[in-house]
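Here is the structure we will look at, set down as structure tokens.
The values are calculated or read from the model by the stated rules, or taken from the named source; none is laboratory data. Not measured: the values here are computed from a predicted model. Every residue, glycine among them, receives a Cβ derived from its backbone with ideal geometry; neighbour counts consider all protein chains shown. The protein model used for the area step is the full one, side chains on, heavy atoms only, and it has no ligands, DNA or RNA in it. Shrake-Rupley method; radii C 1.70, N 1.55, O 1.52, S 1.80 Å.
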Amino acid sequence: MKDMNTIKKLPKWFNGTVYDKGDTVTNPFSGEEYELTNLELSMYDFIQGAQLMFAIHQEKQPNRPLDKDIVDCFEKALSWFRRHNGKAYMVLLD
């Protein structure tokens, strides 16, 4: 089992909700599950929220580019998650 105290804090740029507890997350396509720490879950939900926002934006304003800062934070979030829990990244986000 992974040491739940490995990651001490989220990066300074992160402005999402920070959860007190981790939880199990299921990939909706494969059904595979992965246990995430509170910080991993916070970042995962940030990523999922950004993806939802991108989809809504594409539907409502397809000819308008996405905000560069939001895209930058999304890419940083993916990179952070991949670095801190590559196995969970492969199961949940790849």
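List of remarks:
- Neighbour net charge for Lys68 - beta-carbon separation under 13 angstrom, K R +1, D E -1: -2
- Nearest 10 degrees, 0 to 90: helix 38-60 Cα axis against the chain principal axis: 20
- Note on the chain: Kirkwood hydrodynamic radius from all Cα pairs is 14.1 Å, rounded to one decimal.
- When you filter the chymotrypsin sites (Phe, Trp or Tyr not before Pro) in segment 1-87 for DSSP loop state and at most 14 other Cβ atoms inside 10 Å of their Cβ, you are left with Trp13, Phe29.
- Acute angle (nearest 10 degrees) that the helix 68-84 long axis makes with the longest principal axis of the chain, alpha-carbon atoms: 20
- Mean accessible surface per residue for segment 1-91, computed with a 1.4 Å probe while every protein chain stays in place, in Å²: 71
- Percent accessible area from carbon and sulfur atoms, the chain, protein chains only, probe 1.4 Å: 51
- Close Lys pairs in the chain, defined as Cα atoms under 17 Å apart and 8 or more places apart or on different chains, number 7.
- Helical runs (DSSP H, four residues minimum) scored at -39500 (n - 2.57) apiece and divided by the length of the chain put the mean residue ellipticity at 222 nm at -16500 deg cm²/dmol.
- Spacing of the two label points (7 Å from each Cα toward its C-beta) at Thr17 and Lys87, in nm: 2.7
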